[in-house]
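The values are calculated or read from the model by the stated rules, or taken from the named source; none is laboratory data. These numbers come from a predicted model, not from an experiment. Positions of Cβ are generated from backbone atoms using ideal geometry, with glycine treated the same way; all protein chains shown enter the neighbour counts. The protein model used for the area step is the full one, side chains on, heavy atoms only, and it has no ligands, DNA or RNA in it. Shrake-Rupley method; radii C 1.70, N 1.55, O 1.52, S 1.80 Å.
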Amino acid sequence: MRIAVPNKGRLHEPTLDLLERAGLHVEETAERQLYADTVDPDVSILYARAADIPEYVRDGAADLGVTGLDQASESGGVVESAELADDGDLVDLLNLGYGNCRLVLAAPEAGDITDVADLAGKTVATEFPNVTRNYFDSVGVDPEIVTVTGATELTPHVDMADAIVDITSTGTTLQVNRLAVIDEVLASSVRLFARPDVAADDKVQEVRTAFQSVIDAEGKRYLMLNAPKARLEEVKDVIPGLGGPTVMDVEETEDGEETVAVHVVVDEAEVFSTITDLKGVGASGILVTEIERLVE
């Protein structure tokens, strides 16, 4: 099975980090290589431009692809399950949670365009003509769409367009160019995509589960502690865990007090207050560790 991943840019390193944390260590041997093996002999990596990855998957050069929803939507249809797929569609298997951005409709702050309806018969410049056309079709407005390959935000100021549809993460570039957001066209992030014919394959689902386990572990910590058995219910009351804690009997202390070991997963943001509360109910030997993967 081959996974297409971004070969450079802001998505490259986070994707390699995800593969590493998921247990699919990439065995890179040279710079600018096209293919790479992983520690799993059944899984290899194909490096490609983020914008080209959807086509590699659709054409069968790769079985899975990691790229932005914006790129996949621009190149063709995206569906939530193989059962809903038409020819050429990709299945959105998993939101990987990074590369977040928005595709927005924007126009000059001081201009006459303040609503989507104002763009009927006007001109909109974008690097995403297919997504833009689908958006305007959905709202029942018919502007002329001009495809550009860069500096989209400048086109309203040089009379090339009345508005733009462009990617924004923080909105700073739009503000600098005195452009106001009129509407959100698409909320995007990096996803794991598959062809419909392989979406249910065991190996594909194995990779999806591995990625999901990394995502589920983010922001979580593993707490281990000892507590008097007589105060176990008090300990349980102060633990904000994911489900009930794991409790194990341990040897009695020198004074004959029965002790239990308690293990639990908690949100990182709650660790500080939880430790304070646990100390208050007699817990000791509290150990906090990071979690690499969490399989539900």
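This table checks each residue for (1) over 30 Å from Ile275 (Cβ atoms); (2) open to solvent by 60 Å² or more (accessible area, probe 1.4 Å); (3) within 29 Å of the chain's Cα centre (by Cα).
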residue: Met160; (1), (2), (3): yes, yes, no
residue: Asp166; (1), (2), (3): yes, no, yes
residue: Leu186; (1), (2), (3): yes, no, yes
residue: Ala194; (1), (2), (3): yes, no, yes
residue: Val198; (1), (2), (3): yes, no, yes
residue: Leu225; (1), (2), (3): no, no, no
residue: Glu233; (1), (2), (3): no, yes, no
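Being in a loop (DSSP other than H, G, I, E, B) and open to solvent by 30 Å² or more (accessible area, probe 1.4 Å) is the filter here; which residues of the range 86-95 pass it?
Taking the range 86-95 as the starting set, the residues that turn out to be in a loop (DSSP other than H, G, I, E, B) are 86-89.
Asp86, Asp87, Gly88 - these are the residues of the range 86-95 that are in a loop (DSSP other than H, G, I, E, B) and open to solvent by 30 Å² or more (accessible area, probe 1.4 Å).
Of the residues that sit in the range 99-136 and are of a type in the set (Ser, Thr, Tyr) and surrounded by 15 or more Cβ atoms within 10 Å (Cβ to Cβ), which one is farthest from Val66 (Cα to Cα)?
Start the filter on the range 99-136 by keeping residues that are of a type in the set (Ser, Thr, Tyr), which leaves 114, 123, 126, 132, 135.
With surrounded by 15 or more Cβ atoms within 10 Å (Cβ to Cβ) added as a condition, the list becomes 123, 126, 132, 135.
Numbers: Thr123: 33, Thr126: 23, Thr132: 22, Tyr135: 24 Å.
By that ranking, first place goes to Thr123.
For (1) among the charged types (D, E, K, R); (2) assigned to a strand (DSSP E or B); (3) open to solvent by less than 30 Å² (accessible area, probe 1.4 Å), each residue gets a yes or a no:
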position	(1), (2), (3)
Thr15	no, no, yes
Gly23	no, no, no
Ile45	no, yes, yes
Val57	no, no, yes
Glu83	yes, no, no
Gly97	no, no, no
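Given (1) open to solvent by less than 60 Å² (accessible area, probe 1.4 Å); (2) at pLDDT 90 or above; (3) at negative phi; (4) not in a helix (DSSP H, G or I), where does Glu292 come up short, assuming only one miss?
With (1) open to solvent by less than 60 Å² (accessible area, probe 1.4 Å); (2) at pLDDT 90 or above; (3) at negative phi; (4) not in a helix (DSSP H, G or I) applied to Glu292, the lone miss is (1).
What are the residue pairs meeting all of these: first residue in the range 263-280, first residue within 21 Å of Leu294 (Cβ to Cβ), second residue of a type in the set (D, E, K, R), Cβ atoms under 6 Å, and 6 or more apart or on different chains?
Val265/Lys220; Val266/Arg221; Glu268/Arg221; Val271/Arg221
Select from the range 120-146 the residues that are part of a loop (DSSP other than H, G, I, E, B) and not aliphatic (A, V, I, L, M) and write down the one among them that is farthest from the chain's Cα centre (by Cα).
Of the residues in the range 120-146, the ones part of a loop (DSSP other than H, G, I, E, B) are 120-122, 127-128, 140-143.
Now narrow it down to the ones that are not aliphatic (A, V, I, L, M): 121-122, 127-128, 140, 142-143.
Details: Gly121: 37, Lys122: 35, Glu127: 22, Phe128: 21, Gly140: 31, Asp142: 32, Pro143: 32 Å.
Among those that are part of a loop (DSSP other than H, G, I, E, B) and not aliphatic (A, V, I, L, M), it is Gly121.
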